[in-house]
Amino acid sequence: MADLLAIDIGNTNIHLGLWHNNSWDHNWRAQTVNQRMPDEYAVLLESFLKSGGFDWDSVGGVAIASVVPSMTTAFTELVRRYVGTEPLIINARINTGIKVDVEIPDQVGADRIANSAAVSKLYGGPAIVVDFGTATNFDVVSREGNYIGGSIAPGVGVALDALVGRTAQLYKVSIEPPPATIGRNTSQCIQSGVFWGYVGLFEGLVARIRQELPGGNEAKVIATGGLAPLFKEHTEAIQQVAPFLTLDGIRVIYELNP
């Protein structure tokens, strides 16, 4: 049986997964490059599929959650040409299984919709999703399972790049906790401000969201994104890390739109 290819296009990376035998065992990441042509991404995707023992015929359907409009166009063309099907493009106007209950639903990113749909289906509300990506997104799911808004902060990497780019004597460091909060050298000082600063930002926003959200004290906090496991080690505010949450949301929505 042909499988679903889920494509999560972010500002920095593209996460692709083939839903095969009820798992995302076959998933790959690529850099988001706006200048790359559909055929170039097709060569890359074909090599990914071959590495798992698959080919274009293995793909039965495609769903895309993208926050980069030009890349949405490129991957739509790729899917039409190489898979021979029309991809499902995730947005607030299709059946997502949840109500996008905000002032301007069309402005909600497809990744936030997918994350909320996955949480509503797989975990239930109320819940707070924290997605550590180019931006750090906080998405709030109500007790009824609907997306009701959230917060957007600069991503940890973006904040570090801005700090280094706007200062003459500071430099890029690894994103990890230093030996102590009080840094004893410049590297430790930067790591302390960036890492523990974001732990404070994260814990503070989660606390404020809980106060405003009906049933907020019961809300599950689910983290996703590349840095989620690292931050979970250093805060009790995260209950669970879900590395494939966005892909799961894409799958959940795809199944609602046969």
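The values are calculated or read from the model by the stated rules, or taken from the named source; none is laboratory data. Fair warning: this is a prediction, and the values are worked out from it, not measured in the lab. A quick note on method: Cβ atoms are made from the backbone with ideal geometry, for glycine too, and the neighbour counts reach across all protein chains shown.
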Any hit, the stretch 160-169, residues being in a helix (DSSP H, G or I), crowded, with 17+ Cβ neighbours inside 10 Å and either assigned by TED's automatic domain parsing to the domain that holds Ala118 or modelled with pLDDT of 95 or more (or both): yes
Matching option when the condition is among the aromatic types (Phe, Trp, Tyr) and part of a helix (DSSP H, G or I), among Phe195, Phe138: Phe195
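For residues in the stretch 205-258 being among the β-branched types (Val, Ile, Thr) and assigned to a helix (DSSP H, G or I), which is surrounded by the most Cβ atoms within 10 Å (Cβ to Cβ)? Steps first, please.
Let us first name the residues in the stretch 205-258 that are among the β-branched types (Val, Ile, Thr), namely 206, 209, 221-222, 224, 235, 238, 241, 246, 250, 252-253.
Still in the list and also assigned to a helix (DSSP H, G or I): 206, 209, 246, 250, 252-253.
Numbers: Val206: 20, Ile209: 21, Thr246: 29, Ile250: 32, Val252: 20, Ile253: 26.
The extreme case among them is Ile250.
Okay, residues lined up against (1) modelled with pLDDT of 95 or more; (2) out of contact with any strand residue (DSSP E or B) (no Cβ under 6 Å at 6 or more places or on another chain):
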residue	(1), (2)
Asn22	no, yes
Phe48	yes, no
Gly61	yes, no
Leu78	yes, yes
Asn91	yes, yes
Asp101	yes, no
Unmet criterion (only one of (1) out of contact with any Leu (no Cβ under 6 Å at 6 or more places or on another chain); (2) under 25 Å from Asn137 (Cα atoms)) for Tyr82: (2)
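Return the residues of the stretch 19-37 that are surrounded by 20 or more Cβ atoms within 10 Å (Cβ to Cβ) and either within 20 Å of Gly155 (Cβ to Cβ) or in contact with a Gly (Cβ under 7 Å, 6 or more places away or on another chain) (or both); say none if nothing qualifies.
We begin by selecting, within the stretch 19-37, every residue surrounded by 20 or more Cβ atoms within 10 Å (Cβ to Cβ); these are 19, 26.
The answer is His26, and nothing else.
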Boolean, Leu18 is at pLDDT 95 or above, in a strand (DSSP E or B) and of a type in the set (A, V, I, L, M, F, W, C): yes
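Listed here are the residues, each with its yes/no results for (1) part of a loop (DSSP other than H, G, I, E, B); (2) in the same structural domain as Thr72 (by TED's automatic domain parsing); (3) under 25 Å from Thr73 (Cα atoms); (4) in contact with a Pro (Cβ under 9 Å, 6 or more places away or on another chain).
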site	(1), (2), (3), (4)
Ala117	no, no, yes, no
Asp131	no, no, yes, no
Arg143	yes, no, no, yes
Val173	yes, no, no, no
Out of Ile175, Ile250, Ile238, Ile222, sole residue that is touching a residue at least 24 places away in the same chain (Cβ under 8 Å) and out of contact with any strand residue (DSSP E or B) (no Cβ under 8 Å at 6 or more places or on another chain): Ile175
Tabulated pairs, the stretch 75-93, first over 22 Å from Arg112 (Cβ atoms), second in a loop (DSSP other than H, G, I, E, B), C-beta under 6 angstrom, 6+ apart or interchain: Val79/Pro87
Hey, Val252 touching a Lys or Arg at 6+ places or on another chain (Cβ under 6 Å) and farther than 19 Å from Gly155 by Cβ or not: yes
Residue that is of a type outside the set (A, V, I, L, M) and in contact with a Lys or Arg (Cβ under 6 Å, 6 or more places away or on another chain), where the choices are Gly215, Gly204, Gly226: Gly215
